[in-house]
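The values are calculated or read from the model by the stated rules, or taken from the named source; none is laboratory data. What you are looking at is a predicted structure, and each value in this text was computed from that prediction instead of being measured. Ideal geometry is used to build each Cβ from the backbone, glycine not excepted, and the neighbour counts take in all protein chains shown.
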Amino acid sequence: MRLLVVEDNVELSQQLRTALIESGFAVDTAADGEEGLHLGMTEPYDAVVLDLGLPRLDGLSVLRRWRASDRAMPVILLTARDSWSEKVEGLNAGADDYLAKPFIMAELIARLNALIRRSNGVARPELDFGEIRLDTAARAVTRQGQMVRLTALEYSMLAYLALNAGRPVSKTELTEHLYAQDFDRDSNTLEVIAGRLRRKLGDGLIETVRGQGYRMTPPR
Amino acid sequence: MNVIRELAAPAYPTIRVRGSLTRRLALLAALWVAAGLGVTGWFVVRLTEEQIEIAADARMTSLMDAVVAAAALDPVRGPILVRAVSEPEFDRPLSGHYWQMSAQGGLVATSRSLWDQRLPAPRPDAEPRNEDILGPRYEPLRLLERKVQLEARFGTPRFQTVTVQVAVTRVPTDVEIGRLQKGLVLAFLGLGTGLVAVVALLVVWSLAPLRRAQEELVEVRAGTRQHVDLTVPSEIAPLVREIEALIEQNRATVDRARTHVGNLAHALKTPIAVLRNALEREELPAARAQAAMLERLVQHHLRRARAGALAGAAGSEASPMAAAQSLATALRRLFSARGIAITVLGRDSARSRADPQDLTEMLGNLMENGCKWAVSKVEARVLPGATGMIRIEVEDDGPGLAEGQDAAALARGVRLDEAAPGSGLGLAIVADLAGLYGGTLTLNRGARMGGLRAVLELPGRF
């Protein structure tokens, strides 16, 4: 899952980046409103963490412009002020959630997972693919009740395919959602990852659609 | 030097200075005095001038009558005076008093005063003349001319038309008029200057209380004085009273802030002590709990501080319906995953006497709390309350409160948070805020939906 973090405080931005990468997200960062606006307009993010107090262009304006341009990715607002007046303003400008500083990183990650799941039309955190079960909240995968160890990239690919189950996902789309902007992208690695996932979870889970990419059957 | 001078006057950009009352009033007075006195003076001068002219004309007419009465017609010599006219000036050469009689055939008789000079020849028309001319010595003269029929004692024609002219110098009249004008102008100028000076004095004297008030305010600001203590005229009294009230309010705010900071400092001490101990014994979970507690404390006091600062500012009104509806929109988004139906009912005209942000804060906490516990729906209702109050109910279909739990839910701030993290703080803040505005928050079991019903009563109108 690829995230955009728009935060001007360098330290907090770094902390967020580290924590989010540790949780398996691909993370792009922007340090001011204009850069954030541009990235959000041009890159396909699965979710955005947006600070409200930003230099050059404030967070609410960034959000409003995204929404005015039909950029519908889930956005979670971060701010030091947490009065209801401001929450209402943020949510009614098109934010999906709101987190007041100081916050606990685990809480942010949990909310991000929930937002991404919801934006893909999946209500429950657990996805059931028969003998394979995927818990998006805990980022855990089990096969016949047994925990399967996955790398961050393997999990991200599985989760993206699972959340988009039922339709073929192209390698380009996968690349865009699994890697940060500055990452050296190589679609061959996707085949390697897909191969490893099949080895760990069984051949039937991920099918290759010739010329179109990968597809998973919708969960039960 | 006294403190007043040392303290720089604060320059506030919203206070713009334009013009001066003293200058404005003095200018207006000067304009009015100049115009009024000018017009009056002109009339007075004109009137006296006319009087002097009338007197001079009357004297000339009587001189003319005397000359005509003494005139006779000699068939050979033409017009003559048969009797002396009782005006000695007619006999003194070039005295400025002259007469001249002209008959047909160029026969002319003149007063001795004319010597070898002549007055201007009479006009052929019969109109009696009364005009200003220049005399033999180029002095200004007033000339009166009349045509009379004189009868000769014998010879023909018996009757002849004779033109009688009398001329009198204007010099004494003009001098008199000039002296009078000068006197009047001087008198009016003096009067005008005096009036303007009095107005200026009046302004300075009237504004003196303002200056005294300002001096005292400077002292209040410098801290050498506690109150404005003045006897002031009734026009200024309301202003001074307002300022005094402002000072008082300011002082109260500062006192409240001081108390608040004290409270906060004391409230922070305990968790800090516990935190330090926990850190010394390297008990991470305990330390984490204390950090969370510190955070909540800071949050709680921040909100209270904001509310406290606003509660003093009277006069603001907020629409509960507008606040509830925009909150509902925001909360639907926030709780979209659980699909909770949020309904807002009530009358749009309802107003609560509270700051809009504070009202949103209260309603936001109540409605969010409702959404957290609700199974499927939350309802916010704006209803009329007791006299001068409005009643806002927020009800959910969740589990509600057990008996006796409401007191705990409303217990102030931190104590409750320790018991039930995450649930109580919001409601405690609502109760705090409501109290600041003279309202109340009560919790009970909703009759309609069976969950928690929070009832917020606030001053306002329905």
message = Show the residue pairs meeting these rules: Cβ distance below 7 Å; 6+ apart or different chains; first residue within region A:102-115 and at the interface with chain B (Cβ under 10 Å from one of its Cβ atoms); second residue surrounded by fewer than 19 Cβ atoms within 10 Å (Cβ to Cβ) and assigned to a helix (DSSP H, G or I).
response = A:102/B:295; A:114/B:337
task = Can you run down the residue pairs with Cβ atoms below 6 Å, 6 or more apart or on separate chains, where the first is in region B:357-373 and at the interface with chain A (Cβ under 9 Å from one of its Cβ atoms) and the partner is assigned to a helix (DSSP H, G or I) and of a type in the set (Phe, Trp, Tyr)?
result = B:360/A:84; B:361/A:84; B:364/A:84
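Filter the strands (runs of 3 or more DSSP E) completely within region A:131-220 down to those with at least 2 residues that are touching a His at 6+ places or on another chain (Cβ under 7 Å).
Per the criteria, no element qualifies.
Would you mind stating whether residue B:330 is at pLDDT 85 or above, outside any strand (DSSP E or B), within 11 Å of chain A (Cβ to nearest Cβ) and buried (at least 20 other Cβ atoms within 10 Å of the Cβ)?
Criteria met by residue B:330.
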inquiry  = Please go through (1) of a type in the set (Lys, Arg); (2) facing another protein chain (nearest Cβ under 9 Å); (3) surrounded by fewer than 15 Cβ atoms within 10 Å (Cβ to Cβ) for residue A:87 and return the number of the only condition it doesn't satisfy.
reply    = (3)
task = Would you mind telling me which numbered condition in (1) surrounded by 18 or more Cβ atoms within 10 Å (Cβ to Cβ); (2) modelled with pLDDT under 90; (3) away from chain A (no Cβ under 13 Å) residue B:321 fails?
result = (2)
inquiry  = Take the conditions more than 8 Å from chain B (Cβ to nearest Cβ), surrounded by fewer than 16 Cβ atoms within 10 Å (Cβ to Cβ) and farther than 17 Å from residue A:19 by Cα and apply them to residue A:93. Does it pass?
reply    = no
query = Tally time: how many residues in region A:116-125 are free of Cβ contacts under 8 Å to residues at least 60 places away in the same chain, more than 10 Å from chain B (Cβ to nearest Cβ) and either loosely packed, with under 14 Cβ neighbours inside 10 Å or part of a helix (DSSP H, G or I) (or both)?
reply = 1
inquiry  = Against the condition touching a residue at least 40 places away in the same chain (Cβ under 8 Å) and within 13 Å of chain A (Cβ to nearest Cβ), how does residue B:256 come out, does it pass?
reply    = no
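Taking into account only those residues within region B:142-162 that are of a type in the set (A, V, I, L, M) and either crowded, with 19+ Cβ neighbours inside 10 Å or free of Cβ contacts under 8 Å to residues at least 24 places away in the same chain (or both), which is nearest to residue B:127 (Cα to Cα)?
Filtering region B:142-162 for residues that are of a type in the set (A, V, I, L, M) and either crowded, with 19+ Cβ neighbours inside 10 Å or free of Cβ contacts under 8 Å to residues at least 24 places away in the same chain (or both), the one nearest to residue B:127 (Cα to Cα) comes out as B:144.
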query = So which of A:143, A:81 ends up being away from chain B (no Cβ under 14 Å) and either more than 26 Å from residue A:177 (Cβ to Cβ) or touching a strand residue (DSSP E or B) at 6+ places or on another chain (Cβ under 8 Å) (or both)?
reply = A:143
task = Residues being more than 10 Å from chain A (Cβ to nearest Cβ) and either assigned to a strand (DSSP E or B) or small (Gly, Ala, Ser) (or both): count how many of those fall in region B:336-356.
result = 11
ask   = Is it true that residue B:125 is acidic (Asp, Glu) and surrounded by 12 or more Cβ atoms within 10 Å (Cβ to Cβ)?
value = no
remark   = In region A:49-78, anything within 14 Å of chain B (Cβ to nearest Cβ) and either of a type in the set (Phe, Trp, Tyr) or buried (at least 19 other Cβ atoms within 10 Å of the Cβ) (or both) is listed as A:60, A:63, A:74, A:75, A:76, A:77
note = Within region B:422-442, the residues that are assigned to a helix (DSSP H, G or I) and modelled with pLDDT of 75 or more are B:427, B:428, B:429, B:430, B:431, B:432, B:433, B:434, B:435, B:436
